[in-house]
Amino acid sequence: MASYSTNEFRSGLKVLLDGDPCIMLDNEFVKPGKGQAFNRVKLRNLMTNRVWERTFKSGESLEAADVIDQDMEYLYTDGEFWHFMLTDGSFEQYPADAKAVGDTVKWLKEQDVYTVTLYNGAPLTVTPPNFVELEVVDTDPGMKGDTAQGGSKPATLSTGAVVNVPLFITIGEVLKVDTRSGEYVSRVKSS
Amino acid sequence: MTETPVWQPSASQAALESRAQQLAFVRGFFASRKVMEVETPVLARHGVTDLNLDGVSADVSAVGQRGGWLQTSPEYHMKRLLAAGSGPIYQVSKVFRNGERGRRHNPEFSLLEWYRVGFDDIELMAEVSDLVCGWLDCPRPRQRSYRDAVKAWANFDPFEISDHDLARICEQWLEPEQLAGLGRDGCLDLVMSFAVEPNLGRGHPEFITGYPASQAALARVSRVDGHDMAHRFELYIDGLELCNGYWELADANEQRQRFEADNRLRRRSGKPEMTVDEAFLAAMAAGLPDCAGVALGLDRLLMLKLGAEDISEVLAFPFERA
């Protein structure tokens with residue numbers, strides 16, 4: 001397995017720390033005038049999402065983590081696993097468990113493309129695109145004459161996600177939603 | 001993976017202009033004080049033995065010699081000029097330190113180094129103040145001992161604390177197995193880097209003096225309050241270390257012993273030993289005049305002038321763009 005020594009450290013590097021895959025968020029090189037150099041490193045543990053701060057002496061090294069991001073199409077769920085397929089033409093499929101899918105489950109729409117992070121060849125996390133387009137399956141009836149201002153109501157989307165939408169939105173409309181904030185962005189013109 | 005090269009400088013036009021003005025200021029400062037500008041090799045046959053300094057090796061082949069090192073500092077050559085009777089000298093040069101890159105470090109940087117014959121560390125500190133405050137227009141630095149600085153910001157006496165207690169303090173930054181190979185000076189460097197330095201020179205520039213003898217490098221050592229302390233000083237402004245100066249060691253035998261001790265430390269920590277620069281030792285043996293010398297980072301001085309947070313703001317092309 002490859003490893004990285006302190007002078008190869010940089011943000012974005014994926015390494016193993018305490019047995020868990022981590023991504024380096026920040027690397028600060030510190031050295032007193034004539035003394036020993038250190039790297040103060042901020043890492044996000046990809047298993048727990050927790051941010052760790054660690055110090056390394058110059059010359060120490062960390063093992064590279066076999067972590068890669070792949071674009072995959074969401075196929076279906078069998079109740080236990082969510083199945084994804086590589087979009088590179090190989091049609092290779094990967095089953096992701098509930099832990100890997102996490103909160104993204106509420107944005108999963110068949111045939112849409114997601115970023116699946118593989119660790120040792122198995123899905124570790126599934127990240128939705130920043131914006132998804134989903135149909136409204138349930139919401140209170142639309143209110144007339146109120147298209148411009150004020151007021152919102154909950155709407156349930158086809159994936160089960162519930163978002164706050166303006167009062168004029170009706171069942172059957174397709175909405176653009178920001179998955180990072182979970183907020184309504186706009187209506188999508190149906191073609 | 002291919003990276004798209006960035007051809008533009010990372011420093012602004014204003015920073016480039018300020019750099020040019022700074023260089024003119026420095027040259028004017030030394031011209032008015034009759035200190036002679038010199039040039040010595042950037043590429044030389046020997047590197048340094050210093051445990052914590054890694055030179056950049058060069059594969060030069062000429063006149064039957066092979067190898068070479070880009071210099072980490074012009075010190076040895078400048079001292080050879082002093083021993084040859086140059087009188088007071090200064091130099092602005094590019095120096096190289098392998099593996100050093102960060103907000104305040106670039107593997108290649110600009111160093112101003114000067115030597116004053118007949119000065120001691122106290123007199124040289126006064127001249128450093130004249131130069132730095134003349135350019136930055138800042139209050140004249142105060143002096144504080146290394147011992148007091150560590151006491152103030154890390155709450156222990158660096159000359160009295162036991163190795164065991166020191167290691168315990170360091171456990172807030174390093175795991176016990178990482179500490180095992182660090183040694184006393186390494187532990188002190190850790191404390192200095194993370195607990196002390198960020199607080200030094202805040203609001204008012206300060207010289208730190210009286211370093212432990214084990215960190216003397218090329219400075220003389222005196223016994224003060226029952227402890228051996230180096231005649232070495234560093235200047236800090238807003239937590240940024242700006243220079244490192246010595247009342248220079250002039251004893252060739254002592255110097256040779258320090259080089260040998262350095263190489264023992266290098267061997268122990270798995271680093272290659274460095275051939276000792278015999279021409280430098282011969283110059284010392286012939287007689288280095290009593291003098292004090294200092295090396296000042298010009299890129300960092302410019303950072304302070306411009307209020308820059310990152311050295312990339314004052315370098316035309318940091319290593320990634322070079």
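Worth pointing out:
- Yes/no for residue B:282 being open to solvent by 10 Å² or more (accessible area, probe 1.4 Å), within 23 Å of residue B:80 (Cα to Cα) and modelled with pLDDT under 95: no
- Looking across the stretch B:188-213, the residues that are more than 9 Å from chain A (Cβ to nearest Cβ), farther than 30 Å from residue B:135 by Cα and either open to solvent by less than 20 Å² (accessible area, probe 1.4 Å) or acidic (Asp, Glu) (or both) come down to B:191, B:212.
- Residues of the stretch B:216-230 satisfying the condition of being within 16 Å of residue B:254 (Cβ to Cβ) and loosely packed, with under 13 Cβ neighbours inside 10 Å: B:223
- Lone qualifier among B:86, B:129 - being assigned to a loop (DSSP other than H, G, I, E, B), among the hydroxyl-bearing types (Ser, Thr, Tyr) and at pLDDT 95 or above: B:86
- Residue, nearest to residue A:47 (Cα to Cα), within the stretch A:81-101, restricted to residues that are under 17 Å from the mean Cα position of the chain (by Cα) and exposed (fewer than 14 other Cβ atoms within 10 Å of the Cβ): A:99
- Total residues in the stretch B:113-126, condition in a loop (DSSP other than H, G, I, E, B) and within 18 Å of the chain's Cα centre (by Cα): 1
- In the stretch A:157-173, the residues that are in a strand (DSSP E or B) and surrounded by fewer than 16 Cβ atoms within 10 Å (Cβ to Cβ): A:162, A:164
- Those residues of the stretch A:106-125 which are free of Cβ contacts under 8 Å to residues at least 40 places away in the same chain and under 26 Å from residue A:175 (Cβ atoms), in sequence order: A:110, A:111, A:112
- Test: residue in the stretch A:1-14 that is touching a Leu at 6+ places or on another chain (Cβ under 7 Å), hydrophobic (A, V, I, L, M, F, W, C) and either more than 14 Å from chain B (Cβ to nearest Cβ) or in a strand (DSSP E or B) (or both): no
- Scan the stretch B:103-142 for residues that are of a type in the set (Ser, Thr, Tyr), open to solvent by less than 10 Å² (accessible area, probe 1.4 Å) and farther than 20 Å from residue B:249 by Cβ and the total you get is 1.
- Top-ranked residue of the stretch A:65-74 - restricted to ones that are assigned to a strand (DSSP E or B) and either surrounded by fewer than 16 Cβ atoms within 10 Å (Cβ to Cβ) or within 14 Å of another protein chain (Cβ to nearest Cβ) (or both), ranked as modelled with the highest pLDDT: A:71
- Matching residues in the stretch A:17-56 - criterion: being open to solvent by less than 40 Å² (accessible area, probe 1.4 Å), touching a residue at least 40 places away in the same chain (Cβ under 8 Å) and among the hydrophobic types (A, V, I, L, M, F, W, C): A:17, A:22, A:23, A:46, A:56
- Boolean, residue B:218 is touching a residue at least 60 places away in the same chain (Cβ under 8 Å), within 14 Å of chain A (Cβ to nearest Cβ) and in contact with a Cys (Cβ under 6 Å, 6 or more places away or on another chain): no
- Residue selected from the stretch B:143-187 under the condition within 13 Å of another protein chain (Cβ to nearest Cβ), in contact (Cβ under 8 Å) with a residue 40 or more places away in the chain and not in a helix (DSSP H, G or I), by the criterion least open to solvent (accessible area, probe 1.4 Å): B:158
- Enumeration of residues in the stretch B:43-54 that are surrounded by 16 or more Cβ atoms within 10 Å (Cβ to Cβ), more than 14 Å from chain A (Cβ to nearest Cβ) and assigned to a loop (DSSP other than H, G, I, E, B): B:46, B:47
- Close pairs from the stretch B:1-23: first on the phi > 0 side of the Ramachandran plot, partner open to solvent by 60 Å² or more (accessible area, probe 1.4 Å), Cβ under 8 Å, at least 6 apart: none
- Residue in the stretch B:58-78 that is touching a helix residue (DSSP H, G or I) at 6+ places or on another chain (Cβ under 6 Å) and either surrounded by 16 or more Cβ atoms within 10 Å (Cβ to Cβ) or within 14 Å of chain A (Cβ to nearest Cβ) (or both) present: yes
- Given (1) open to solvent by 20 Å² or more (accessible area, probe 1.4 Å); (2) aromatic (Phe, Trp, Tyr); (3) modelled with pLDDT of 95 or more, number of the condition residue A:107 does not satisfy: (1)
- For residue B:294, the conditions (1) open to solvent by less than 30 Å² (accessible area, probe 1.4 Å); (2) assigned to a loop (DSSP other than H, G, I, E, B); (3) among the β-branched types (Val, Ile, Thr) are fulfilled apart from (2).
- Test: residue in the stretch B:312-321 that is within 22 Å of residue B:20 (Cβ to Cβ) and assigned to a strand (DSSP E or B): no
The values are calculated or read from the model by the stated rules, or taken from the named source; none is laboratory data. Bear in mind that the values here come from a model prediction, so they are computed numbers and not experimental data. With ideal geometry, Cβ positions are generated from the backbone for all residues, glycine too; neighbour counts draw on all protein chains shown. Each accessible area value is taken on the protein alone, full model and side chains, heavy atoms only, with ligands, DNA and RNA left out. Shrake-Rupley method; radii C 1.70, N 1.55, O 1.52, S 1.80 Å.
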